[in-house]
Every structure is written in C-alpha cells, then in structure tokens.
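The values are calculated or read from the model by the stated rules, or taken from the named source; none is laboratory data. Here the structure is a predicted model, which is why all the values come from computation and not from measurement. Cβ placement follows ideal geometry from the backbone for every residue including glycine, while neighbour counts extend to all protein chains displayed. Calculation scope for accessible area: heavy atoms of the full protein, side chains included, ligands and nucleic acids excluded. Shrake-Rupley method; radii C 1.70, N 1.55, O 1.52, S 1.80 Å.
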Amino acid sequence: MEFCLENGILSVRVSSLGGELQSIKKEGREYLWQGDPAFWEGKAPNLFPYIARLTNGTCTVHGKSYHLPIHGFLPTTQLKAETQEKERLVLRLDADERTLACYPFVFTLRIFYELKGDTLQITYEVENGGKEEMYFGIGGHPGFQVPLEDGLAFEDYFLEFEEKKDSGQAEAEPVRIGFSPTCFLNGKDEPYPLKDGCRIPLAHNLFDDDAIVLSGTPKTVALRSEKGSRGVRVHFPDMPYIGFWHAVKKPAPYVCIEPWSSLPSRQDVVEELSEQPGLVHLEGGSVYRNSWSIQVF
C-alpha cells in the first residue's frame with residue numbers, strides 16, 4: 001500500500017513496506033532514485049534494528065544467538081498507518097512473533113513523515129515495551145537521482161558539507177570508517193580530507209570499494225552542482241555517521257546519502273549486542289527519538 005503527502009510544494013509517496021519512500025517530487029521533477037534493477041532495486045529503505053552486516057548474519061543477546069538480514073528486518077516488514085493526513089503520516093510497527101524470533105525485544109517503532117515547505121522531516125521513534133534494556137541501530141538509506149537536471153552529468157555534482165563542526169572539532173578532518181573488502185569494520189579508520197575543506201566531488205569510481213562512511217562531519221550535507229540549480233540537502237543533527245554509496249563499479253546514476261546511528265559488525269566478530277560499541281541502549285519503558293530531514297531545491 002502507498003500513502004501520498006502533498007503541500008503544494010512537495011509531492012511525496014511512501015510505501016507501507018518498510019515505510020520506504022517511493023517518490024519525492026518538486027515542480028514535477030523526481031528527486032528520489034527510482035530503483036532500476038540494473039544498478040539497485042531499492043529507493044530509500046529504513047534500517048532497523050541493525051545497520052549493515054552482521055558477521056555470519058548472526059548476533060547474540062546475553063549469549064543467545066539470533067539471525068538478522070543486512071539492515072535488519074524493517075525493509076521487508078509491513079507497517080500500519082497510525083495517522084494519515086495531507087502533510088503528515090505516522091507508520092507503526094509492533095514486535096510480533098516474526099520479529100521476536102530474530103530480535104528478542106518488545107518494541108513499538110514509529111516513523112513520522114511530515115512536510116514543511118520544501119522539506120520532508122523524518123522522525124524515528126522507538127518505544128521499549130519491555131522491562132529490560134534493548135539495543136539497536138537505526139538509520140536511513142535514501143538514493144537521489146544524479147544528475148537532477150537535463151544536460152548535466154554525474155561528474156558535474158559534488159557533496160558539500162554546509163555548516164561548521166562543533167567548536168571542539170573545528171580543525172579536525174572527518175574520519176572515514178575502515179571497512180574490509182567484505183564490508184565489515186576492520187579498525188583502520190583514517191582522516192578523510194575534503195576538497196576546499198567541504199566537498200566530495202562525485203565520480204563513479206569513488207564507490208569502487210563500496211560505501212564511504214564518515215564520522216566527525218558537520219551535520220548538513222548538500223548534493224548539488226555549480227552548473228545547475230537543483231539539489232538536495234540532508235540534515236542529520238543527531239546521527240553520528242553519514243554514508244555515501246552507489247552500486248559498486250557501475251556507472252550508476254544516483255547517490256545514496258545515509259544517516260546512521262551506528263555501524264556494522266566488526267570483521268569476524270559475532271557481536272553481542274549488549275556489548276557492541278555504538279548501539280543505542282534504551283531502558284525498559286523508555287522512548288528514543290531521532291529526526292533528520294531532506295530538503296529539495
């Protein structure tokens with residue numbers, strides 16, 4: 001099932017499957033990647049309760065083993081509409097037998113979509129319905145079309161961080177999280193210099209080694225070109241990581257901008273979720289919220 005939001009500036013469609021965005025249009029122009037299977041069938045999956053890969057697809061919780069697919073079960077799970085208005089949608093998922101078989105926590109997950117002028121605000125809300133602490137990762141994976149205007153090329157675009165970092169990080173370069181060839185953490189994080197201190201020029205070979213995941217960046221990044229006027233701005237104030245990706249070693253006409261709360265498994269480590277660094281720890285009866293946004297121009 002699909003839901004439509006519209007405010008006279010933006011037209012947005014959202015699927016009940018995973019709460020995945022299906023379309024973001026402004027002035028009739030589609031900004032969201034449309035899932036060409038020649039490159040990547042996805043469009044904008046939401047990631048929960050784990051981000052990226054687990055070693056052997058397996059984790060443990062207090063010593064008991066569980067199996068989760070890449071990016072968790074949310075992308076393949078149907079959500080129900082709790083609120084549906086012209087400019088606002090709330091989708092809900094409650095733990096059930098299927099989720100408990102692979103993730104032993106009682107939770108309610110809500111995804112809020114709200115139009116505010118030329119901006120789509122997304123809020124994740126996780127409520128721990130149990131008495132014990134729960135552990136999870138959550139994030140977004142939207143793809144955006146590149147180029148966004150006729151007559152331009154992929155290489156005409158760049159990713160540009162648009163605000164200063166916190167005062168304690170003013171002189172520090174972003175850090176690229178080290179990944180093994182099989183896309184697990186390898187512990188080899190490195191400084192990642194930006195062109196002119198703020199840009200990553202786009203080229204298809206940028207993603208030959210898979211995703212670029214950064215920490216220590218400013219919290220707003222824009223996809224744009226000096227040869228055109230259309231672009232996308234992603235603001236992720238409470239996400240510690242931002243990833244950039246397209247299909248490996250292909251001339252894919254899109255780029256994903258992915259705000260993440262946490263990172264994948266360490267290489268060859270079957271993670272105990274209660275001990276894995278960086279996961280959200282949510283006490284019983286507590287609620288976690290994290291908002292980010294997509295502005296199109």
Study note, to complete from the structure: Of the candidates Ala38, Ala81, the one satisfying the condition of being assigned to a loop (DSSP other than H, G, I, E, B), aliphatic (A, V, I, L, M) and modelled with pLDDT of 95 or more is Ala38
Review point. What are the residues in the stretch 269-295 that are β-branched (Val, Ile, Thr) and more than 17 Å from the chain's Cα centre (by Cα), if any?
Key: Val269, Val270, Val287
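Could you check the stretch 244-297 and list, in sequence order, the residues that are of a type in the set (Ser, Thr, Tyr) and part of a loop (DSSP other than H, G, I, E, B)?
Ser261, Ser262, Ser265, Ser274, Ser286
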Practice item. Check the stretch 43-55 and report whether any residue there is out of contact with any Leu (no Cβ under 9 Å at 6 or more places or on another chain) and small (Gly, Ala, Ser). Key: no
Study note, to complete from the structure: With the first residue restricted to the stretch 92-120 and required to be within 30 Å of Tyr31 (Cβ to Cβ) and among the acidic types (Asp, Glu), and the second required to be at pLDDT 95 or above and open to solvent by 30 Å² or more (accessible area, probe 1.4 Å), Cβ contacts under 6 Å at 6 or more apart or on different chains are Glu114/Arg88; Glu114/Gln121; Asp118/Ile9; Asp118/Gln295
Practice item. Select from the stretch 89-124 the residues that are open to solvent by 10 Å² or more (accessible area, probe 1.4 Å), under 17 Å from Glu6 (Cβ atoms) and in contact with a Phe, Trp or Tyr (Cβ under 7 Å, 6 or more places away or on another chain) and list them in ascending order. Key: Asp118
Review point. Taking the stretch 258-268, which residues are of a type outside the set (A, V, I, L, M, F, W, C) and either open to solvent by less than 10 Å² (accessible area, probe 1.4 Å) or within 15 Å of the chain's Cα centre (by Cα) (or both)?
Key: Glu258, Pro259, Ser261, Ser262, Pro264, Ser265
